[in-house]
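J.: Shown below is the structure under consideration.
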């Protein structure tokens, strides 16, 4: 498995990402995550929809909380042809509990805790922490990656407007 250092830092300290680097214009890797019902879900199951994929370290941090709430608010305006997927290493039970408490209903929440399949396939698994880096991907209806932002500082928010504009562009 490839290792890449220097793309992401946490409070200025470099972190190592595990997995292959994905590229705009290439097919999104298919991988399996876990839904709140503990059943596996393949990303390819969302073909024919534009997918805005928000990945983050943990909902138990303030930035991940804000990020997920922001995309939840914006999801409705994107329309029915766009789905917002939020993926973290949090257990599905914790994700569901957080979504209920935060009244988040417009985002599909998935966990990568079992096999880190998403983290490795998209190259955002943090080696030392076994958490996901903060990143946003937009995948078009045919499964091609159209936008990538790997946030360089783990404690910073992504560029919401650019991600949302990219999702709208491929409707």
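J.: Here is a check on your reading of the model: is residue 10 under 25 Å from residue 155 (Cβ atoms) and within 15 Å of the chain's Cα centre (by Cα)?
T.: No.
J.: In this structure, is residue 37 in a loop (DSSP other than H, G, I, E, B) and surrounded by 13 or more Cβ atoms within 10 Å (Cβ to Cβ)?
T.: no
J.: Further, regarding this structure: For residue 37, are the conditions met, namely being in contact (Cβ under 8 Å) with a residue 12 or more places away in the chain, touching a helix residue (DSSP H, G or I) at 6+ places or on another chain (Cβ under 9 Å) and within 22 Å of residue 10 (Cβ to Cβ)?
T.: no
J.: Shifting gears a bit: For the list (1) assigned to a loop (DSSP other than H, G, I, E, B); (2) closer than 19 Å to residue 145 by Cα; (3) in contact with a strand residue (DSSP E or B) (Cβ under 7 Å, 6 or more places away or on another chain), I need the number of the one condition that residue 1 fails.
T.: Answer for residue 1: the failing condition is (2).
J.: Something else now. I'm trying to understand the selection: among the residues of segment 54-76, which are farther than 17 Å from residue 155 by Cα, surrounded by fewer than 18 Cβ atoms within 10 Å (Cβ to Cβ) and modelled with pLDDT of 95 or more?
T.: Once the filter is applied, which keeps residues that are farther than 17 Å from residue 155 by Cα, surrounded by fewer than 18 Cβ atoms within 10 Å (Cβ to Cβ) and modelled with pLDDT of 95 or more, segment 54-76 yields only 73.
J.: Got at least one residue in segment 157-164 being over 18 Å from residue 44 (Cβ atoms), touching a strand residue (DSSP E or B) at 6+ places or on another chain (Cβ under 9 Å) and free of Cβ contacts under 8 Å to residues at least 40 places away in the same chain?
T.: Yes, some residue in segment 157-164 is over 18 Å from residue 44 (Cβ atoms), touching a strand residue (DSSP E or B) at 6+ places or on another chain (Cβ under 9 Å) and free of Cβ contacts under 8 Å to residues at least 40 places away in the same chain.
J.: Consider residue 83 carefully, then state whether it is in a strand (DSSP E or B) and surrounded by fewer than 20 Cβ atoms within 10 Å (Cβ to Cβ).
T.: Against the criterion (in a strand (DSSP E or B) and surrounded by fewer than 20 Cβ atoms within 10 Å (Cβ to Cβ)), residue 83 qualifies.
J.: Collect the residues in segment 13-25 that are touching a residue at least 60 places away in the same chain (Cβ under 8 Å) and surrounded by fewer than 11 Cβ atoms within 10 Å (Cβ to Cβ), keeping them in residue-number order.
T.: Of everything in segment 13-25, those that are touching a residue at least 60 places away in the same chain (Cβ under 8 Å) and surrounded by fewer than 11 Cβ atoms within 10 Å (Cβ to Cβ) turn out to be 23, 25.
J.: Next up: What is the one condition in (1) in a loop (DSSP other than H, G, I, E, B); (2) out of contact with any strand residue (DSSP E or B) (no Cβ under 8 Å at 6 or more places or on another chain); (3) modelled with pLDDT under 95 that residue 21 does not satisfy?
T.: So residue 21 meets the others, but not (2).
J.: Taking into account only those residues within segment 87-121 that are without any contact (Cβ under 8 Å) to a residue 24 or more places away in the chain and part of a loop (DSSP other than H, G, I, E, B), which is farthest from the chain's Cα centre (by Cα)?
T.: Going through the qualifying residues, I end up with 103.
J.: Would you mind telling me which numbered condition in (1) closer than 21 Å to residue 16 by Cβ; (2) at pLDDT 95 or above residue 108 fails?
T.: (1)
J.: What are the pairs, 6+ residues apart or on separate chains, where a residue within segment 69-84 that is more than 24 Å from residue 101 (Cβ to Cβ) has its Cβ under 8 Å from a residue that is in a strand (DSSP E or B)?
T.: So the pair list comes out as 81/50; 82/50; 82/51; 82/52.
The values are calculated or read from the model by the stated rules, or taken from the named source; none is laboratory data. Small disclaimer: the values here were computed from a predicted structure and weren't measured. Quick reminder, even Gly has a Cβ in these numbers, built from the backbone with ideal geometry, and neighbours come from all protein chains shown.
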